[in-house]
Amino acid sequence: MIKPENPPSMPGPAGLAYRLRGLHPLDWVAIVLFVAGAGCVASGLLPLSETDATLRRILPILLFLATVIPLAELTAAAEVFDVIAAWIARLARGSYPLLFLLCVVLASFTTITLNLDTTAVLLTPVMLALATRIGGSPLPLAMTTVWLANTASLLLPVSNLTNVLAAQRVGLAPVVFAHRMLLPQLAAILATMLFLWVFYWRRGARGADRYTPPLPRRPHRSGLFLVCCGACLLFIVGILLAVPLEVASAVAAGIAVVGFLVADRANLRWGLIPLRLLVFVTGLFLVIQTIGRHGLDSLLRTLIGPDGGAVGLFRAAGVGAGLSNLLNNLPAYLAGEAVVPVPNHDQLLALLVGTNLGPIITPWASLATLIWYERCRSQGVAVSLGRLSRTGACLAVVGMAGALGALLLTGSA
């Protein structure tokens, strides 16, 4: 069959049909969710007052997404990630085991000290650029990023928004929270390392014994490089100073945009705005809010139960992980928190384990996983949803079991 010369510009139904055939499955998920959410509002299943409250609640998330993705795209165009990747590759001196350890430490450190979304935004391009620098498959490096962005997010309140909510609920100061979650966090990282090596990093999976360290990388446009480095550093400093994520990302993205307006306007395009993510998140929260009003709370109360012992911990974690992969971890945590009895501190922390370690099976299970998936797709890295789900499920089960065992060993908060 002879294809049209310029199919995307075809007018009328033919052009629309072509565009619809080209949609990714996640595009359809986003569209269906948004239409369903709008239908909930239009039908009255979700009252306008609650719709307004939900939209106000997610507005900071939408602003964060709308600015942090362009920040990452422009920083990549300024070759910042290529320079960092070349430095990491040279530091490992051609050794895959050493490179593996460096990547694990880097991903864990950024997730713990900054937060999982920052890891997904800023580290994913570094890992993909690193694969290019060493001439290897991007998948092991990409999976290292997304898994540790989720599984290394237990230790500090800043590591994950759900941690902040849990720490407030159980009344734990940051230092006490870190002490309480230290062993569960170590167990989660060790399990992640094990499954990363078995599924993606071992000799049979990666396909090479060693790699040739690349030459030092120097950016072609040093001025633009420095501007984007400054923007990213400002973003990180803002997070450390507890500036709201959406404010930090908006300011940093604005600096990067100004730099490109001066030096390279060709890279500024409307496609930098992640419309699919914005549509998906909006529809998701509207649908979940509606479901919560019509029976979800009662169902979760039955599934989680009031038991604060070992059985109750595993039930809470399992429900949190399952609901995260079905919907998303933030609404899953909020829904679970609402039905966990107030005195059951350990059960609430177990729910936290489920909603932090569990969202690695489906691409929409956490905001970090969504951002990571978008970054991989924009860089042309194919990620099999089947393999992502199978390997992620193995890690989720073992990682949560280890973390919950450690939580039980440490005793009640």
Open item on the list: Tally up the residues in segment 163-181 that are assigned to a helix (DSSP H, G or I) and either among the aliphatic types (A, V, I, L, M) or under 10 Å from residue 399 (Cα atoms) (or both), please.
Closed with: 9
TODO: Being part of a loop (DSSP other than H, G, I, E, B) and of a type in the set (Phe, Trp, Tyr) narrows it down to one of 372, 364, so name that one.
DONE: 364
TODO: Pull up segment 390-412, narrow it to residues that are small (Gly, Ala, Ser) and surrounded by fewer than 17 Cβ atoms within 10 Å (Cβ to Cβ), then point me to the one that is nearest to residue 360 (Cα to Cα).
DONE: 393
TODO: Scan 154, 141 and give me the residue that is of a type outside the set (S, T, N, Q), buried (at least 24 other Cβ atoms within 10 Å of the Cβ) and either more than 22 Å from residue 361 (Cα to Cα) or without any contact (Cβ under 8 Å) to a residue 40 or more places away in the chain (or both).
DONE: 141
TODO: May I ask you to verify whether residue 184 is in contact (Cβ under 8 Å) with a residue 24 or more places away in the chain, in a loop (DSSP other than H, G, I, E, B) and either surrounded by 21 or more Cβ atoms within 10 Å (Cβ to Cβ) or not β-branched (Val, Ile, Thr) (or both)?
DONE: no
Open item on the list: I need the full set of residues from segment 324-352 which are in a helix (DSSP H, G or I) and under 16 Å from the mean Cα position of the chain (by Cα), in order please.
Closed with: 324, 325, 326, 329, 330, 331, 332, 333, 352
Task: From 251, 257, residue being surrounded by 16 or more Cβ atoms within 10 Å (Cβ to Cβ), without any contact (Cβ under 8 Å) to a residue 60 or more places away in the chain and in contact with a helix residue (DSSP H, G or I) (Cβ under 9 Å, 6 or more places away or on another chain) - done: 251
Open item on the list: I want to confirm something. Restricting to segment 263-295 and keeping residues that are of a type in the set (D, E, K, R) and part of a helix (DSSP H, G or I), which single residue is modelled with the highest pLDDT?
Closed with: 265
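The values are calculated or read from the model by the stated rules, or taken from the named source; none is laboratory data. This is a predicted model, so every value here is computed, not measured. In this analysis, Cβ positions are derived from the backbone assuming ideal geometry, glycine residues included, and neighbour counts consider all displayed protein chains.
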